[in-house]
Amino acid sequence: MLKLDTTDIRPSGATQIESCDLLGADGTLRHVKRHTSATGISHLANQAISSATVLLRRPESRAKMRTLIDQSMWDGDKERIKSQVDQMPTSVVRLPVVLAIIGEWSSPADAIQAASTASPARPAPPA
């Protein structure tokens, strides 16, 4: 897991946009929020939509994401994930997105462990 919860991939002229809270070794963008209120859950959904939108539509946001991956001490397949990020606007390649809503936990490490085990739902193959 690559922790990206305070990073910024905003394109010029936009407010801060986090790519995700945790980037999985398979490229899954995991957005995590502690369940405190409906407003917090709404923020989580907006974060996921904003991130996916700028990664799909804005080259400068994809470049920032690639830089974050390059500069990290991450054990994921950096080249494969960066390639998937680059291909998003011109192909059907998409990074999976997981929204993790965490209840009570005793430590931040518990929350990270719970979020890291959440699996993205896979769409059914075309008929």
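Can you say whether Ile41 is under 19 Å from Val54 (Cα atoms) and β-branched (Val, Ile, Thr), as far as the supplied structure shows?
Details: under 19 Å from Val54 (Cα atoms): no; β-branched (Val, Ile, Thr): yes.
Answer is no for this residue.
Can you run down the residue pairs with Cβ atoms below 6 Å, 6 or more apart or on separate chains, where the first is in the stretch 63-74 and closer than 11 Å to Leu4 by Cβ and in contact (Cβ under 8 Å) with a residue 24 or more places away in the chain and the partner is surrounded by 17 or more Cβ atoms within 10 Å (Cβ to Cβ) and of a type in the set (Gly, Ala, Ser)?
Note: pairs meeting the criteria are Met65/Ser19.
Tell me which of these Arg10 doesn't satisfy, since it passes every other one: (1) in contact with a Gly (Cβ under 8 Å, 6 or more places away or on another chain); (2) outside any strand (DSSP E or B).
For Arg10, the failing item is (1).
In the stretch 72-101, what residues are over 13 Å from Gly27 (Cβ atoms) and at pLDDT 90 or above?
Answer for the stretch 72-101, where residues must be over 13 Å from Gly27 (Cβ atoms) and at pLDDT 90 or above: just Leu99.
Hey, could you check the stretch 21-60 for residues that are among the hydrophobic types (A, V, I, L, M, F, W, C) and over 19 Å from Ile81 (Cβ atoms) and say which is surrounded by the fewest Cβ atoms within 10 Å (Cβ to Cβ)? Write out each step before concluding.
Applying the first criterion (among the hydrophobic types (A, V, I, L, M, F, W, C)) to the stretch 21-60 yields 22-23, 25, 29, 32, 38, 41, 44-45, 48-49, 52, 54-56.
Checking which are over 19 Å from Ile81 (Cβ atoms) leaves us with 38, 41, 44-45, 49.
Values: Ala38: 8, Ile41: 15, Leu44: 19, Ala45: 12, Ile49: 12.
If we take residues in the stretch 21-60 being among the hydrophobic types (A, V, I, L, M, F, W, C) and over 19 Å from Ile81 (Cβ atoms), then Ala38 is surrounded by the fewest Cβ atoms within 10 Å (Cβ to Cβ).
Would you call Leu56 within 14 Å of Leu4 (Cβ to Cβ) and among the aliphatic types (A, V, I, L, M)? Give the derivation first.
Details: within 14 Å of Leu4 (Cβ to Cβ): no; among the aliphatic types (A, V, I, L, M): yes.
So Leu56 fails the test.
Can you pull out the residues in the stretch 31-62 that are of a type in the set (Val, Ile, Thr) and part of a helix (DSSP H, G or I)?
Start the filter on the stretch 31-62 by keeping residues that are of a type in the set (Val, Ile, Thr), which leaves 32, 36, 39, 41, 49, 53-54.
Result: Thr39, Ile41, Ile49, Thr53, Val54.
The values are calculated or read from the model by the stated rules, or taken from the named source; none is laboratory data. A quick note: this is a predicted structure, and the numbers were derived from the prediction, not measured. All Cβ positions, glycine included, derive from the backbone under ideal geometry; neighbour counts span all protein chains shown.
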